Each structure stands twice: as C-alpha cells, then as structure tokens.
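Peer 1: I have a structure here, written as structure tokens, and I will follow up with some questions on it.
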Amino acid sequence: MATQEVFLIRHGETDWSLRGRHTGLTDIPLTENGRRAAAEWRPLLATKPFALVLTSPLQRARVTCELAGLGGQARIEPDLVEWNYGAYEGLTLEQIRARRPDWLVFRDGCPDGETPEQIGARLDRVIARVRAVPGDVALFGHGHSLRVLAARWLGFAPVAGSHFLLDTAMMSVLSEYYGIPALHCWNVPRWPMSTGMQ
C-alpha cells in the first residue's frame, strides 16, 4: 500500500503577517506578493492526484488554495482556522511581551481566545479526517495552527509546535515511516524534486 502524504500549505503573505501582527480570525486578504507566491505552487500541485483538499474558511487560505489551482476540489474545514488569539489579536510579539514577558502561544494560549488544549483537540479532528482517506491530502491553513497540526500528527503535545518554524506560502509534507507518523519535509519554498519516499 502506498504511503499517504499530507501536504500542508500555509497561506501567502498578508499585510499583518508582513508586520508580525498576530492574525487569528481577522479575515484579511493576501498582498500582491502573497498572491504571486501562492500561484507558484500551481505547477507542482497540478501533478498530484489528491484524494481530499481541505482549506480554512478564512480568505487568505481559501485564495491561496484557489491560486495554487486546487480551489475547484477544495472543501471548507472550519477546524483549520488559525489560533483564536482573543485579546492578543492584531498585536505583535513585542507588544504582547511588554505585558507578559515570558509568553509563548503554544504553551500559554491567549486570554479570551484558545488554549493549547482546545486547538490541539480541533486539529486532532482534522487529522482523524485525513487518516480516514485512502490517498494524498492537501491542507491549506495558517502558521500556528499548522505547526500544532504537525506536532499532533507526530504524537506530541501542542507545545511542540514551537519547534516548527513556518513561513508564509511555504509547503510541508507529513507522512509515515513504516507505520510511524513522520515529517517528510518542512517549510519548503518551492518543490525541486519528487516527494516519493526512499
């Protein structure tokens, strides 16, 4: 049986991501640079027969999916939205740490927003849906939530998402190694090679 590959694509650049502002549920568009970067995935993704394509309902992920050429087969998955930052929405890390110097979203969550346990639980539902599909899957989402998804895929607590840096318009692939959940590659800007397992 072929090994399932799960392609994680973070949305393209937005004005807030460019400025380092925490963008949870605020529904803002891609910049022109973000749109160009998203479209660069189209040639690669056109070569992959995906059994399932899911996208966050937020426009920055949906438009990235469309520009990458998979909008026609995508289904909206509410559990793929970004972390709900609550009172920290729109703030930079520097602004948050001026109030709380040791704050780490993956450990502490956000006041009036989500806890690590809450985001972990909803991304576990996404993982269960993905693992029930016989074939490759593409997920279009957001920086912090995709980092938690990777941690949960590997069997780690949500706090382990802090170890996976993920830039805008980057791709990562989750897979398995002889039945063990594995990370095939992470934070790739463009795909120069086949993802076939060796």
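Read-outs: derived from the displayed coordinates by stated rules, not from any lab. Given the structure is predicted, the values throughout are model-derived calculations rather than measurements. Cβ sites come from the backbone with ideal geometry, for glycine too, and all protein chains shown count toward neighbours.
Peer 1: To the nearest 500 deg cm²/dmol, what mean residue ellipticity at 222 nm is calculated for the chain from DSSP H runs of n ≥ 4 alone, each contributing -39,500 (n - 2.57), summed and divided by the residues?
Peer 2: Value at 222 nm, helices only: -8500 deg cm²/dmol.
Peer 1: Further question: How far is it, in nm, from the label point at VAL188 to the one at ASP27 when both lie 7 Å from their Cα along the line to the Cβ?
Peer 2: With each label point 7 Å from Cα toward Cβ, the separation is 3.2 nm.
Peer 1: Could you give the nm distance between label points at ASP124 and ALA2, where each point is 7 Å from its Cα heading toward the beta carbon?
Peer 2: With each label placed 7 Å out from Cα toward Cβ, I get 3.0 nm.
Peer 1: Now, a different point. Rounded to the nearest 5, what % of the DSSP beta bridges within the chain are antiparallel ones?
Peer 2: 50 percent
Peer 1: State the extension gain, in nm to one decimal, for the chain segment bounded by THR92 and GLN73, taking 0.36 nm per residue of separation less the distance between their alpha-carbons. Before the final figure, lay out each step's value.
Peer 2: On the way: separation 19, 0.36 × 19 = 6.84 nm, distance 3.48 nm.
Answer, rounded to one decimal: 3.4 nm.
Peer 1: Suppose the chain between TYR177 and THR115 were pulled fully straight at 0.36 nm per residue; how much longer would it get relative to their current alpha carbon spacing?
Peer 2: On the way: separation 62, 0.36 × 62 = 22.32 nm, distance 3.06 nm.
Value of the extension gain: 19.3 nm.
Peer 1: Sort TYR178, TYR85 so that the residue with the fewest other Cβ atoms within 10 Å of its own Cβ comes first and the one with the most comes last.
Peer 2: TYR178, TYR85
Peer 1: So, one more: Can you figure out the FRET efficiency of ALA51 with ARG19, using R₀ = 35 Å and their beta-carbon distance, to the nearest 0.05?
Peer 2: 0.40
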